[in-house]
Every structure is written in structure tokens, then in C-alpha cells.
1. What are the residues in the stretch 81-99 that are open to solvent by less than 50 Å² (accessible area, probe 1.4 Å) and either farther than 22 Å from S123 by Cα or in contact with a Gly (Cβ under 8 Å, 6 or more places away or on another chain) (or both), if any?
2. Given S97, S136, which one is touching a residue at least 40 places away in the same chain (Cβ under 8 Å), in a helix (DSSP H, G or I) and among the small types (G, A, S)?
3. Suppose we keep only residues that are of a type outside the set (A, V, I, L, M) and surrounded by 21 or more Cβ atoms within 10 Å (Cβ to Cβ) within the stretch 31-67. Which one would you say is nearest to L82 (Cα to Cα)?
4. Of the residues in the stretch 157-185, how many are of a type outside the set (F, W, Y), open to solvent by 50 Å² or more (accessible area, probe 1.4 Å) and under 26 Å from F62 (Cβ atoms)?
5. Select from the stretch 59-94 the residues that are part of a loop (DSSP other than H, G, I, E, B) and over 24 Å from L29 (Cβ atoms) and list them in ascending order.
6. Consider only pairs whose beta carbons are under 8 Å apart and that are at least six residues apart or on different chains; among these, list those whose first residue lies in the stretch 66-94 and is among the charged types (D, E, K, R) and whose second residue is part of a loop (DSSP other than H, G, I, E, B).
7. Test L73 against the stated conditions and say whether it is in contact with a helix residue (DSSP H, G or I) (Cβ under 9 Å, 6 or more places away or on another chain) and either open to solvent by 30 Å² or more (accessible area, probe 1.4 Å) or over 24 Å from Q235 (Cβ atoms) (or both).
8. Take the stretch 139-167 and flag every residue that is assigned to a helix (DSSP H, G or I) and within 26 Å of P178 (Cβ to Cβ).
Amino acid sequence: PPLFAWLFRPFIGPEPHIGFILWSILNALAGLYLAWRAAAFFRETERPVVALLILSSYPVIFALIVGQPALILACAVAQFYLALRDGRELRAGLYLSLLLFKPQYGVLLGPLLILKRRWKAVSGAALGAVMIIAGSVLVAGVPAILQYPQAFSQMAGFRTDFPALMINWRALIIWLWPHVSDESGMLLEMLLSGGTILVTVLAWQGGWAPREQRFPLLISVTLIATLLANHHSHQHGGALLAVPLADLRRFTRLVIIATCLLPALSYTLMFFLDILLASRFMTVSLLLCYGTLLAELWAARRTMQGSSKGSL
């Protein structure tokens, strides 16, 4: 939204290299904060290693190199998640509204809150959205707001904006079927993305218990589905997963975080040879994580249902 350009003004006011350094410092601080928040779920002796794994992971490094605000948004998602866990739903909604700066990342979290009738969180998100839209009108005017949807249309093509470097179904289709026509590729992407969203919505069934083990599974599955099903989903978006994944069971989260090593190594070793290697590995890893966490989510739901029946 136009408000972001206005907020970015302090970084374009100085000389270009100074602005670049200041923006890089801000993103690096966001990365440090994200790593600290995620590492807090581990034992004290494990926290430095976990923080190092996150800071050296492919999404974090990629976000720093390309200058995307993904790490700032990842901090917003972390605060959204932590606020939900603590029962501060209005605050959680306000943090969620920050995803309006990259609205593709909130397309499933919003419906999840509505389906679960978390009206305080929905109200917070709506309030934040109104503030962002109103701020955009104040700094850029109504015509700029009306032009905003056209920015999305420029990214609507099947092969626009470097899709082979993404971490979604579109990237997988282009990798496995490089000569697919745009029409067939778009249709296949829509089918796979729609199926992913449908399965995720079905997995939302069950109670809302932020302090139960099912909750980090619920948010993690929703975020991974968002990355896979989005038409526009670059590698840096993986940083959004840091805190919800860190709250998973010990074995699950250690396995998932350990998979960050190979993408980071492949990125470091292959960047000048084949950047596609790291993005493809990360996409496959996301698919595997989505499948295993989805199965664990269903199992946790059955366990909760069994416990409820047993208590009756």
C-alpha cells in the first residue's frame, strides 16, 4: 500500500549507500529479534545454536540480500502468534493487520480467525487495516489507492516475476514441466492451490486451544499452505514460519530446523552456479513439512476428541 512508500522515506532521504546501510541494519535487527523469539522455546543451552540456525537459514539470508521486508513481517507474525497464545486477541489482530503491506501472506490467517469466531482478533485486524488504508489515503490520495489493485495484475501471469525462484506450486510446475503452456500451467496451479487450501480448511476443524500442542500445528500448517498456494511466494517468505515452528514438539521442530542447514549450504555454495537448487530444495522441504505436520494435526485432533469422550 502507498503508506509503505511514505514510511520508507527515511531510507531514501540520505545518500543511496547510507540509506542502503540503514535499511540493511533495520532488517538485520529484525532477523536477530526473530531468532531470539524463536530460540526462547528451547532450553537455554540450545538457544545459541537454534538462533544461529535461523539466522543462517535460506529465507533469512535471502531476505537480507534482496532487501525485502520479510523479516519485519516475520516479526509481526511472531508477535501475532505469541499474542494469540497469551489470549491477547485484539493485539494479535493488530499485528496481523501489518501483513496488509504484503497481503498475500494473510489470505488464510484471516479466514481462520473468522471461522474460529475470534472476533476480538478479527476486530483488531480490521482496525489495523483501516488505519493502513486511511494512512495511505492521507499520504498518497484516493487515486493512488484505486491504482493499487493494478499492481497485482502485473504479477498475474504464469511466468511473471521469476516464478522458478519461488517456493510454491507454480515453481514446482515450471521445474517438473518446463515446457508447459501458460494456460495449462495456470490451470494446474489453480487446481493444486485450491486443493491445498481446501485440505487446510478441513484441518481447521476442532476446538481453539492456544495452550494445547495442536495450536502451533494449526498455525504452522496454515502458514505453509499460504506459501505453497500463493501465486506470488518468494523464498524470503519462509521466515514467517520461524516462531510457530519453534513451538512444535521437540523432535518435530529440531528436524524441521535442521533442514535449514542444507538450504543455507546450497545457497552459500551454489549461489553463483545455480540459485535454483536452494529454492527447489526449500519448496520440496515445505511440501514434506506440510504433509507431516498435517498428519500430526489430524492425529492431535483425534487425541483431543478421544480425551473428551473419555472424560464424559
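The values are calculated or read from the model by the stated rules, or taken from the named source; none is laboratory data. Fair warning: this is a prediction, and the values are worked out from it, not measured in the lab. Here the Cβ positions follow ideal geometry from the backbone for every residue, glycine too, while neighbour counts run over all protein chains shown. Surface areas here come from the heavy atoms of the whole protein model, side chains and all, with no ligands, DNA or RNA. Shrake-Rupley method; radii C 1.70, N 1.55, O 1.52, S 1.80 Å.
1. E89, A92, G93, L96, S97, L99
2. Checking each option against the conditions leaves just S136.
3. G31
4. 4
5. G87
6. Final answer for the pair search is R85/P210; R85/R211; R85/D247; D86/P210; E89/R118.
7. no
8. Selection gives F152, S153, P163, A164, L165.
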